[in-house]
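Chemist: Got a structure for you, questions after.
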Amino acid sequence: MTDKTVREASVARKTNETDITLSFGVDGSGEAKLETDVPFLNHMLDLFAKHGQFNLNVDAKGDIDIDDHHTVEDIGICLGQTLREALGDKRGIKRYASVFVPMDEALAQVVIDVSNRPHFEYRAQYPSSQVGSFSTELVHEFLWKFALEARITLHVIVHYGQNTHHMIEAVFKALGRALDEATSIDPRVQGVPSTKGVL
Ligand SMILES: [Mn+2]
């Protein structure tokens with residue numbers, strides 16, 4: 001892909017299960033406009049955009065009469081696709097980041113390599129399987145599909161916590177901060193940050 005001066009991308013994706021329009025800007029101001037039928041995911045994406053200083057617009061309709069699964073999964077796919085496209089050839093980026101974020105009693109860690117090698121590791125045990133109407137197992141689904149489509153290596157560890165809402169919130173804040181750092185331009189980095197010369 002070519003060198004991109006404006007690191008943003010958008011996607012429109014329609015299947016029999018979901019209909020999603022999503023735009024993502026890496027170098028944003030933390031502004032999010034979120035219209036999905038999954039309120040808890042809106043809350044998490046809002047935190048993600050705010051703490052990552054991204055711009056994020058999501059308009060998603062899905063078959064939530066079945067459950068939230070397809071909608072959450074497909075938003076993860078769209079977010080991953082736009083991140084990958086927005087970063088272009090990844091010239092000059094820091095590439096790695098490791099960030100801890102507390103949320104009161106909860107502590108989450110997100111470690112990222114913008115590697116063009118999709119991999120996902122996840123260590124999280126939540127006290128509750130639901131937050132409101134949201135199934136906590138969908139956090140895994142979202143993050144895994146995001147990492148896969150973005151082609152990043154993503155390790156997410158929730159070290160501890162007592163409140164499931166806090167624990168997941170810490171994950172999304174840490175994801176925003178880590179992704180912000182890993183995608184930031186380091187003026188010392190000449191070209192693509194890989195000894196292979198390509199990412
Ligand atoms: Mn909250």
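Chemist: Within segment 1-45, how many residues are open to solvent by less than 70 Å² (accessible area, probe 1.4 Å) and under 20 Å from SER184 (Cα atoms)?
Modeler: 12
Chemist: A further question follows. Kindly evaluate LEU175 against the criterion of being away from the ligand (no atom under 16 Å from the Cβ) and open to solvent by less than 30 Å² (accessible area, probe 1.4 Å).
Modeler: Against the criterion (away from the ligand (no atom under 16 Å from the Cβ) and open to solvent by less than 30 Å² (accessible area, probe 1.4 Å)), LEU175 does not qualify.
Chemist: Sticking with this structure for a sec: Scan segment 82-100 and tell me whether some residue there is in contact with a His (Cβ under 9 Å, 6 or more places away or on another chain) and within 15 Å of the ligand (Cβ to nearest atom).
Modeler: no
Chemist: Let me ask something else about it. Among (1) within 16 Å of the ligand (Cβ to nearest atom); (2) part of a strand (DSSP E or B); (3) more than 17 Å from the chain's Cα centre (by Cα), which single condition is TYR126 missing?
Modeler: Unmet condition: (2).
Chemist: Strands (runs of 3 or more DSSP E) wholly in segment 20-111 with at least 3 residues that are closer than 15 Å to PHE142 by Cα - which ones?
Modeler: Once the strands (runs of 3 or more DSSP E) in segment 20-111 are filtered for at least 3 residues that are closer than 15 Å to PHE142 by Cα, what remains is 55-62.
Chemist: Please give the number of the condition TYR160 fails out of (1) open to solvent by 70 Å² or more (accessible area, probe 1.4 Å); (2) within 18 Å of LEU41 (Cα to Cα); (3) not basic (Lys, Arg).
Modeler: The number of the failed condition is (2).
Chemist: Restricting to segment 146-199, what's the tally of residues that are part of a strand (DSSP E or B) and either closer than 21 Å to PHE24 by Cα or small (Gly, Ala, Ser) (or both)?
Modeler: Within segment 146-199, residues that are part of a strand (DSSP E or B) and either closer than 21 Å to PHE24 by Cα or small (Gly, Ala, Ser) (or both) number 3.
Chemist: Looking for whichever is in contact with a helix residue (DSSP H, G or I) (Cβ under 8 Å, 6 or more places away or on another chain) and more than 27 Å from GLN130 (Cβ to Cβ) here; the options are ALA49, ALA97. Which one fits?
Modeler: That would be ALA97, the only listed residue that is in contact with a helix residue (DSSP H, G or I) (Cβ under 8 Å, 6 or more places away or on another chain) and more than 27 Å from GLN130 (Cβ to Cβ).
Chemist: So in segment 57-73, with the set limited to residues that are touching a residue at least 60 places away in the same chain (Cβ under 8 Å) and open to solvent by 10 Å² or more (accessible area, probe 1.4 Å), which one is nearest to PRO193 (Cα to Cα)?
Modeler: GLU73
Chemist: Across segment 46-56, what is the number of residues that are more than 16 Å from the ligand (Cβ to nearest atom) and either aromatic (Phe, Trp, Tyr) or open to solvent by less than 50 Å² (accessible area, probe 1.4 Å) (or both)?
Modeler: 3
Chemist: Let me ask something else. For ARG117, are the conditions met, namely being away from the ligand (no atom under 16 Å from the Cβ) and part of a loop (DSSP other than H, G, I, E, B)?
Modeler: yes
The values are calculated or read from the model by the stated rules, or taken from the named source; none is laboratory data. Please read all numbers here as calculations on a predicted model, not as lab measurements. Note that we place each Cβ from the backbone using ideal geometry, even for glycine, and neighbour counts take in every protein chain shown. Ligands, DNA and RNA are excluded from the accessible area calculation, which covers all protein heavy atoms including side chains. Shrake-Rupley method; radii C 1.70, N 1.55, O 1.52, S 1.80 Å.
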